[in-house]
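These notes are about the structure you will find just below.
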Amino acid sequence: MRAQDAARPVVRQELWTSIGLQGRPTFLENWIGKSTVKRIKTTGEVGYRSADSFFAGRQYYFDLGADYKVSDHITVGSEFRYAIRTSEEDRQRLGGKFQYELELGRADIAYRLTYQHNFRDFGEVREVFRNKLIAKYNIGDWKFDPEFSAEFFSWAGYQGLSYIGVRYKLGTEYDFGKAHAIGLSIVHDRERMVYAPEYRFILAIDYGIKLYKL
């Protein structure tokens with residue numbers, strides 16, 4: 001075993017951008033009631049992810065999702081993604097999530113558990129559990145409050161539950177007006193349990209519109 005060369009991680013740099021829309025399904029008020037609709041948030045997002053060259057497209061995707069705020073601390077939801085990959089087959093995934101949030105002084109702490117089903121062949125990474133810890137701190141009158149998260153990926157497959165990767169994110173979001181926000185962050189993504197893992201450093205930029213505040 002010592003004679004075998006270790007597979008060195010491949011280090012890549014990427015650009016992630018997305019445009020997202022958020023809103024409440026007010027057309028359902030007559031069926032489920034106004035108070036229930038206020039607890040629902042629907043989302044749509046279109047995104048682009050580059051290869052090593054920022055202008056060489058690796059993936060284009062769109063997301064559709066909905067969240068329901070059960071209480072002040074608990075939110076549940078679901079999301080579907082269709083991804084168009086330029087050098088590989090297209091991918092689809094469907095997931096459900098549970099999130100618990102807690103406010104501690106100026107800090108907001110959250111834990112999110114996501115179950116993700118990837119539409120792939122048996123033996124590939126199909127069933128994934130994602131555990132994410134999120135921390136955000138409010139710095140008084142400062143507009144660029146920092147947010148940090150660490151997300152751990154586990155594959156439930158033929159080898160049992162395997163820890164396959166981690167993603168760290170450090171960023172901030174700037175709200176201008178009541179409905180618009182721009183986010184900027186640095187993401188570090190590390191693969192495990194593969195022959196030649198990828199370590200990626202990603203610049204992520206997103207722009208969101210909160211429709212219910214327009």
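Just so you know, all these numbers are worked out from the coordinates, no wet-lab data involved. As the structure is a computational prediction, the values presented were derived from the model and not from experiment. Glycine gets a Cβ as well: all are built from the backbone with ideal geometry, and neighbour counts include every protein chain shown.
The separation of segment 98-135 from segment 32-58, counted between C-alpha centres, amounts to 16 Å.
Counting every other Cβ atom within 10 Å of each residue's Cβ, Glu198, Glu191, Glu14, Glu89 order from fewest to most as Glu89, Glu198, Glu191, Glu14. With contacts taken as Cα pairs under 8 Å at a separation of at least 6 residues, the chain carries a relative contact order of 18 percent. Which one, Leu28, Gln59, Ser154, projects farthest toward the positive side of the charge dipole computed for the chain from Cβ point charges (K/R +1, D/E -1)? Checked the options; the winner is Leu28.
Eigen-decomposition of the gyration tensor built on the alpha-carbon atoms of segment 10-213 gives equivalent ellipsoid semi-axes of 28, 21, 19 angstrom, largest listed first. When the trypsin sites (Lys or Arg not before Pro) in segment 179-214 are filtered for DSSP coil states and for at most 15 other beta-carbon atoms within 10 Å of their beta-carbon, the remaining sites are Arg192. Which links in Lys69/Lys143; Lys38/Lys97; Lys143/Lys178 stretch past 23 Å when you go from one Cα to the other? Over 23 Å apart, Cα to Cα: Lys69/Lys143. Computed about its Cα centre, the charge dipole of the chain is approximately 260 debye, with only Lys, Arg, Asp and Glu carrying charge at their Cβ. Applying D = kT/(6 pi eta Rh) to segment 123-177, where Rh is the Kirkwood radius over alpha-carbon pairs, T corresponds to 10 °C and eta to 1.306 mPa s, the Stokes-Einstein value obtained is 118 µm²/s. Projecting the Cα atoms of Val128, Gly96, Leu170 onto the dipole axis of segment 57-212, where Lys and Arg carry +1 and Asp and Glu carry -1 at the beta carbon, places Val128 farthest toward the positive end.
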